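The values are calculated or read from the model by the stated rules, or taken from the named source; none is laboratory data. In this text, all values refer to a predicted model and were calculated from it rather than measured experimentally. When we count neighbours, we look across all protein chains shown, and the Cβ atoms used for this are built from the backbone with ideal geometry, even at glycine. Only protein heavy atoms, including side chains, enter the accessible area calculation; ligands, DNA and RNA are left aside. Shrake-Rupley method; radii C 1.70, N 1.55, O 1.52, S 1.80 Å.
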Amino acid sequence: MIAVNHDVWITPVGWELYFLDFLKTILITDSSFHCSTAGNPLLGIPARVLLTASSYKGDTMTSIHQNYKTLALTCLSLVLIGCGTEGPMEDSQSIGNPAYSSRSTSSPLAEMDMPMMAMEMAGNMAPDMGTGPGMSGNRYDRIEENQYKRVTDAPFSTFSIDVDTASYRNIRQFLLEYNQMPRPDAVRTEELVNYFLYQYQPPAFNHDVPFSVNVDSADCPWNREHQLVRVALKGKQIEFDERPNMNLVLLLDTSGSMEQPNKLPLLKQAMRLLLNQLDESDRIAIIAYAGTPGLVLDSTTADQHDKIMNALNRLEAGGSTNGGGGIELAYEIAREHFIEGGTNRVILGTDGDFNVGMTGTDQLIDLVKTQASEGVDLTVLGFGMGNYNDAMLEQISGKGNGNYAFIDTYSEAKKVLLEQLSSTLITIAKDVKIQIEFNPTHVDSYRLIGYENRVLETEDFNNDKKDAGEIGAGHAVTALYEIVPAGTENANVPAVDSLKYQTPRQSIGAENRNDLMTVKLRYKAPGNDQSQKIEIAVEAGRKPFPETDSEFKFAAAVANFGMQLRQSQYRGDWTYSDIEAIARQSKGEDRHGFREEFLQMVSVAKSLTTSEVDPTPYLESTPQPGYTHGLRPLIQPR
């Protein structure tokens, strides 16, 4: 018997207080409390809450004490979708954890806002820090922020493009779901900027190059003495019904760490979105892995909808995580059904908590690189928090000629696997590299904002064996440089002694040219191992920042937001209020509400920071209500 006693809870705020007053009158007498669809069959959301029938003492009571809000939200969500105690649920064949089974539905109403709200509420307990077995804490690679470089010492800047978006959604979850600042190394600024689909001019219909290149320069808004340069790429659009045939292998993590509602249940919802877009010309296989990987569904034409959905619906979470073994099996199935000239891809859905078999990131990288060279690419979809291995997932997606997204809500699943499915699955250019040569006549020094783990050596640009990033159909890619004009003092670049055994490089004719810089790109067409080169000279000159287009302004606001979250020494004199003002002014149409959600993230970050006292925004904007959570600030005042 479980008695809900109001005295054991931390005093909550807002509506939770009233709901807990309601909860304390409830007495639950059955240890297996499940949701029934009988009272509301249209919702069709089978679920089970397992509550241990025992007295609550010691550590158990502490656990309840710490998780009052999660239990309250869970109970509320179950009330909303219709709960009952008519008896145990019917058993059905399950994959992943035979001891626990439930039936799922592909009813459209089952995938709408209310059930996803229930999933997100119930899954709102995963912390960033480790809390014990199965919750070892999130893992991120160390990021050493790009420094300024003098043009006389380093005239070239070379890097691989990046279209991943996982970092943005990950920090969204920190801010909007957990109300805490993300760890600085969770923030990859380029992924924040590239999360948004900018309205750049696409390439001409009959253009041989699969993407357009546009370069603009303006005053840097957070440091008026500097310039901000935007290099913008826009991939050609391919409608999904004009796509090449697809050979997809869904590699789905069904280990015990995936049992939370915002992990495997959300992953299955996401896969249903994908499967509903495919037809008889496409093939689907499903592999599930826990302690051992298993072939749930051999490669099948995608028009066999019921067969595929039944296989997907049977998946349940339980056991350890042999992710390496699952990846090996997935590539084997993909090769067996390889489509020449088609899209051959493994789609991995996981939290990255590999703990059995091949677990080393170096081993996994070697595997995915080999398979990518043979024409099978990798897309990684990350789920959940608390034991999330971002460090490994980001690396294997890059080396696997793929892309990397973090799915934290049903809305984000729709963005990645419905609205932007062509960008996710159809590659239009491989190994895309950018190299910029700066003219010392006009540029003293420069800094690439973000892309720290995509920086290449100068000689890598012309080396076709060097791996780089891919662009999908319709993708927009943005890179920003902060430039210190020639003749402007830059204290961020310390002086070095003059050379003793050689004279400094002399600029030949550069002083007579009005070029600010030259932008060079290399890319390979899909299926081709030889790169092609594009070269564009950019004239010196810059606009005042207020005269730039709205996409320039919005990208600048997002970039500075990344620098603020990382507590960068280069964030200049902007504050969160400046970011909020510029982003709101340049939000544009925002059909899906992603930019409005960004403004919410900025507002929460500002509320968690005490460094802004009576800020004066860069541009005037209508004040927006902030968030008052009463938490200790996680960023110390400047």
If you check G487 against the conditions, is it within 27 Å of T379 (Cα to Cα), open to solvent by 80 Å² or more (accessible area, probe 1.4 Å), at pLDDT below 95 and out of contact with any helix residue (DSSP H, G or I) (no Cβ under 9 Å at 6 or more places or on another chain)? no
Can we say R172 is outside any loop (DSSP other than H, G, I, E, B), within 25 Å of A555 (Cα to Cα) and either free of Cβ contacts under 8 Å to residues at least 60 places away in the same chain or within 24 Å of the chain's Cα centre (by Cα) (or both)? yes
Between residues in region 480-499 that are over 25 Å from E190 (Cα atoms) and residues that are assigned to a strand (DSSP E or B) and of a type outside the set (V, I, T), which pairs lie under 9 Å by C-beta distance while being six or more apart or on different chains? A486/D444; G487/D444; T488/D444; T488/S445; E489/D444; V496/R150
Would you check if D444 is farther than 29 Å from N223 by Cβ, among the acidic types (D, E) and buried (at least 17 other Cβ atoms within 10 Å of the Cβ)? no
Got a sec? Which of L266, L250, L228, L233 is outside any helix (DSSP H, G or I), open to solvent by less than 10 Å² (accessible area, probe 1.4 Å), of a type outside the set (F, W, Y) and closer than 30 Å to L312 by Cβ? L250
For region 454-469, how many residues are open to solvent by 10 Å² or more (accessible area, probe 1.4 Å), of a type outside the set (K, R) and at pLDDT 95 or above? 9
Can you pull out the residues in region 285-305 that are assigned to a strand (DSSP E or B) and in contact with a Ser or Thr (Cβ under 6 Å, 6 or more places away or on another chain)? A285, A288
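Could you list, in sequence order, the residues of region 565-584 that are surrounded by fewer than 22 Cβ atoms within 10 Å (Cβ to Cβ) and farther than 29 Å from N401 by Cα?
Going residue by residue through region 565-584, those that are surrounded by fewer than 22 Cβ atoms within 10 Å (Cβ to Cβ) are 566-573, 577, 584.
Across region 565-584, the qualifying residues are Q567, S568, Q569, Y570, R571, G572, D573, S577, R584.
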Mind checking which residues of region 423-441 are over 16 Å from the mean Cα position of the chain (by Cα), buried (at least 21 other Cβ atoms within 10 Å of the Cβ) and among the hydroxyl-bearing types (S, T, Y)? T427
Using the structure shown, decide if D366 is assigned to a helix (DSSP H, G or I), of a type outside the set (K, R), on the phi < 0 side of the Ramachandran plot and modelled with pLDDT under 95. yes
Hits in region 386-401 (condition: open to solvent by less than 10 Å² (accessible area, probe 1.4 Å) and over 13 Å from the mean Cα position of the chain (by Cα)): G386, N387, M392, I396, G400
Could you list, in sequence order, all residues of region 470-479 that are open to solvent by 10 Å² or more (accessible area, probe 1.4 Å) and assigned to a strand (DSSP E or B)? E470
What number of residues within region 390-414 satisfy the criterion of being assigned to a strand (DSSP E or B) and not polar (S, T, N, Q)? 3
Report, by residue number, each residue of region 574-596 that is of a type in the set (K, R) and in contact (Cβ under 8 Å) with a residue 40 or more places away in the chain. R584, R595
